[in-house]
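A quick write-up on the structure given underneath.
No lab work stands behind these numbers, since they all come straight from the coordinates. In this text, all values refer to a predicted model and were calculated from it rather than measured experimentally. Cβ sites come from the backbone with ideal geometry, for glycine too, and all protein chains shown count toward neighbours.
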Amino acid sequence: MDVFISWSGKRSKEIAEVIREWIPCVIQAVKPYFTPEDINKGQRWGSEISSKLESSKIGIIILTPSNLAAPWLMFEAGAISKSVDASRVCPLLFGVTPTEVKGPLVQFQCSVFGKSEIFKLLRSINNELEDTKLEEKTLTSVFEVFWPKLNQQIEAILNLPESPEEPETKRTDRDILEEVLRLSRKFAFDHVRTPSRSSIFEKFDGKKPVTFDPESESISFWSNNSKVYDFRIDRLTSGSEVLDWFFQIANKGWCTGEHLTAFLKCLEQISQLYFDNNAQGVFCPGGMNLEIEWPKTLPPKTDDL
């Protein structure tokens, strides 16, 4: 069984390598996988990584103080959640408290590295093996044998001073948003292949899947002619926020591929309306994560005059 390990940064990679080698010592039927190159570097996902994501039943995200704000790590976490049930995605915290976790990662049940939490993780992995899983007594016994080695290796890594990440190795927000566009098309195809109860082949007779009202300055999402979600455009404060909203919407039960495509089109229309520019030029020009000053852009309301 494949287990996908997500990481970002030097320390996170070192921890991921230790965990990748340690898990099969306890449960031999498990094959952990993680990318050999830093996901923050300018390499696009290959077919191998996409294949591993689709085949994995468990996702482990290695979080350290230096990668909490890494946008590409959050992006990969969102991608994992599309292939793996959210309950089977486990962010492991090293030198981080659950209250420090922000963005898309808050939807998952975080675990602070420790003996009891690692055993719970192994138990979840073992249960996914179904008929080939280890008996509880066997799992406990093997875990007790190998836990000291893992704990010693992790402590050695955490006790070393963490060197700052090189800014030039960070993957740009432009790369991330381009990857979002690619995945949105994939999500749309996947949704069509797997019809939901609401029948995604139905036409929205009264409303488009996504609409924008300039008067209220709100983006609204519709399903079966009923509004199911909305938010004001001034909450899209940057390219990173666009990415965050994209994943929030994609994880909604009513969301279809048609919604995701319509949302992107809506962003293009809004960008042309207020900035006379395309969405990429507004939110990430030249690959930079631009902060949007909506109060200076939106027309003043009557009560503001």
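Can you give the FRET efficiency for residue 119 and residue 251, using 1/(1 + (r/R0)^6), R0 = 30 Å, r = Cβ-Cβ distance, to the nearest 0.05? Can you show the working numbers first?
Numbers: r = 28 Å, r/R0 = 0.95.
Computed FRET efficiency for residue 119 and residue 251: 0.60.
Ranking request for peptides 257-265, 109-117: highest mean number of other beta-carbon atoms within 10 Å first, then the rest in descending order. Could the numbers behind the result be given before it?
On the way: 257-265: 20.3, 109-117: 14.8.
The packing order, highest mean first, is 257-265, 109-117.
Arranged from highest to lowest average of other beta-carbon atoms within 10 Å per residue, in what order do the peptides 123-135, 23-35 appear?
On the way: 123-135: 14.4, 23-35: 18.0.
Order by mean packing, descending: 23-35, 123-135.
In a shell of Cβ-Cβ distance under 11 Å around residue 30, excluding residue 30 itself, what net charge do Lys and Arg (+1) and Asp and Glu (-1) give? List each step's numbers first, then the result.
Working: positive: 20, 31, 57, 133; negative: 2, 128.
Charge balance near residue 30 sits at +2.
Using 0.36 nm times the number of residues separating residue 136 and residue 288, minus their current alpha carbon distance, what extension gain do you get?
So the chain would gain 49.7 nm between residue 136 and residue 288.
Report the extension gain between residue 232 and residue 275 in nm, rounded to one decimal, defined as 0.36 nm multiplied by the number of residues separating them, less their alpha carbon distance. Display every interim value, and only then the final one.
Numbers: separation 43, 0.36 × 43 = 15.48 nm, distance 1.67 nm.
Full-extension gain reported as 13.8 nm.
Kindly rank 221-228, 270-277 from highest to lowest mean number of other beta carbons found within 10 Å of each residue. Spell out each step's value before the answer.
Details: 221-228: 15.5, 270-277: 14.0.
The most tightly packed comes first, giving 221-228, 270-277.
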